[in-house]
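To start, the structure itself, in structure tokens.
The values are calculated or read from the model by the stated rules, or taken from the named source; none is laboratory data. None of the values given here were measured: they were computed from a predicted structure. Reconstructed Cβ throughout: ideal geometry from the backbone, glycine too, with neighbour counts over all protein chains shown. The accessibility values were calculated without ligands, DNA or RNA, using every heavy atom of the protein model including side chains. Shrake-Rupley method; radii C 1.70, N 1.55, O 1.52, S 1.80 Å.
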Amino acid sequence: MSSIAYMNIAIVKYWCKDKFTPYLIPLVPSISLLSTKLYTKTEIKESGKDLFYLNDILQDEKETNKVFTFVDKVVKNRNKKICINTYNNMPTAAGLASSSSGYMALSIELNKFFNLDLEDNMLCKIASIGSGSASRSLYPIALFDKNGEIEKLESNIQFSMIAVIVNANRKKISSRAAMQISKDTSKLLDVWIEKNTEYADIMKRALKENDFNKVGIIMEKSTNLMHEVMKSSTPSIDYFMPLSYEIIEFVKKLRLDGINIYYTMDAGANVKVLFEKKDEVKIKKIFNEKYEGKIIDVI
Ligand code: ADP
Ligand code: DP6
Ligand code: CO
């Protein structure tokens, strides 16, 4: 028995928590697209001792405690010790949303292993305790609203997305720690809450109306403002590397040349590029030539 979940990339970003009730209530709404390529596969087996392996490596005490704290919140009065074996087919903790597929795959597997009988909506809420973005990893397009509710959205847009890998190493500061610093110190927090709530409303409409350009424009606005919030925090949080800026400039230049593409970036230096399926061959060729060996498919 094992469970798979795909990671998701936000087109309206989640950054900062309000509280846990025990499910996560975020400070802002977010909207995401599910990857069709990058996933986590997780298997649980009964074991003499609680153990946590990630990509065949036994994890240290800190990571093990973190994951079992989550397990014990989900499974009350657990009567079995377990070994968790999990595989990410993308870099872990590098801004490629491993926590989203990681915690959703684990939630699905816990649900099966311990016969928890959780329905989809509850699965999303449970996953949000492990990682906010994980709550969005069940649906192709998901809205995680300010009440902590998950809604499945629809659109006829045929999305395609690649990531340009700038740095696949572990980030120096986790998303969780970084967004706490932003919440405690950023002077832009009120602006962030107000504007990103607006962006989510506009994005919902753009998806419904199949307006790809509107989706792209709002995705960039939410991305840019989130990184302003990070940079305005004390200490300042900056996930950019020089190549991140170069790729973003390249996307803007291509757009001026009439190619319909938009960028987004999460808590890591890697840049994701969003376009429509109909332009996939042309755009992938351009990026594979320019950034040879650095391109991975996301959608
Ligand atoms: P990312 O950008 O990859 O989402 P985060 O800082 O949000 O980075 O989260 C990374 C953390 O998520 C890891 O340090 C680990 O604690 C957790 N994580 C990642 N993959 C898994 C997995 N497959 N199973 C359980 N936890 C995972
Ligand atoms: C920048 O969900 O990884 O990717 O809830 O603390 O685990 P925790 O954080 P996480 O944050 C994701 C932040 C983001 C934007 C997004 O995915 O919406
Ligand atoms: Co994450």
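If you split all Cα-Cα distances of segment 1-49 into 5 Å bins from zero, what percentages do you get per bin, shortest first?
Per 5 Å bin, starting at zero, the Cα-Cα P(r) for segment 1-49 comes out as 5, 16, 14, 16, 18, 17, 9, 5, 1 percent.
For a paramagnetic label modelled at 7 Å from the Cα of Asp257 toward its Cβ, which residues of segment 281-299 fall within the zone defined by backbone nitrogen distances under 15 Å?
281-292
Which number do you get for Rg(Cα) / (2.2 N^0.38 Å) in segment 1-112?
1.10
With the contact rule set at Cα under 8 Å and sequence spacing of 6 or more, what percent relative contact order holds for the chain?
Relative contact order, the chain: 23 percent.
What three numbers, in Å, describe the spread of the alpha carbons of the chain along their principal axes, ordered from the longest?
61, 40, 39
Among Val67, Ile261, Leu51, which residue has its Cα furthest toward the positive end of the charge dipole of the chain, with +1 on Lys/Arg Cβ and -1 on Asp/Glu Cβ?
The Cα lying farthest towards the positive end belongs to Leu51.
Nearest 10 degrees is fine. How inclined is helix 98-113 to the longest principal axis of the chain, computing both from alpha carbons?
For 98-113 against the chain, the angle is about 30 degrees.
If r is the Cβ-Cβ distance from Met241 to Asn147 and R0 is 41 Å, what FRET efficiency results, to the nearest 0.05?
After rounding to 0.05, the efficiency reads 0.70.
If the chain between Arg170 and Lys49 were fully stretched, how many nm would it gain, using 0.36 nm times the residue separation less the Cα-Cα distance?
Gain in length upon complete extension: 40.8 nm.
Please determine, in degrees from 0 to 90 and to the nearest 10, the orientation of helix 61-74 with respect to the longest principal axis defined by the Cα atoms of the chain, where the helix direction is its Cα long axis.
Result, in degrees: 80.
How long is the gain from Ile25 to Glu119 if the chain were fully straight, where each residue apart is worth 0.36 nm and the alpha carbon distance is subtracted?
Fully extending the segment from Ile25 to Glu119 adds 31.9 nm.
Restrict the search to segment 1-55; then list the trypsin sites (Lys or Arg not before Pro) that DSSP places in a loop and that have at most 12 other Cβ atoms within 10 Å of their Cβ.
Answer in residue order: Lys49.
Quick one: grab the alpha carbon gyration tensor of segment 100-195, order the square roots of its eigenvalues as a ≥ b ≥ c, and give me rounded if a/c is under 1.5, else prolate or oblate depending on whether a/b is larger than b/c.
rounded
Where in segment 124-161 is the amide nitrogen less than 20 Å from a point lying 7 Å along the Cα-to-Cβ axis of Thr197?
Within reach of a label on Thr197: 143-151.
Give me the percent of the accessible area of segment 126-268 that comes from carbon and sulfur atoms, probe 1.4 Å, all protein chains in place.
50
State whether segment 159-297 is rounded, prolate or oblate according to the following rule on the C-alpha gyration tensor (a ≥ b ≥ c being the square roots of its eigenvalues): a/c under 1.5 gives rounded; otherwise a/b larger than b/c gives prolate, and the remaining case gives oblate.
oblate
In degrees from 0 to 90, rounded to the nearest 10, what is the angle of the helix 120-130 Cα long axis to the longest principal axis of the chain?
The angle comes out near 90 degrees.
Rounded to the nearest 500, what is the 222 nm mean residue ellipticity of the chain from helices alone, with -39500 (n - 2.57) per DSSP H run of 4+ residues and division by all residues?
Only helices count here, giving -13000 deg cm²/dmol.
All other residues with a Cβ under 13 Å from the Cβ of Leu153 taken together, and with Lys, Arg as +1 and Asp, Glu as -1, what is their net charge?
That works out to -1.
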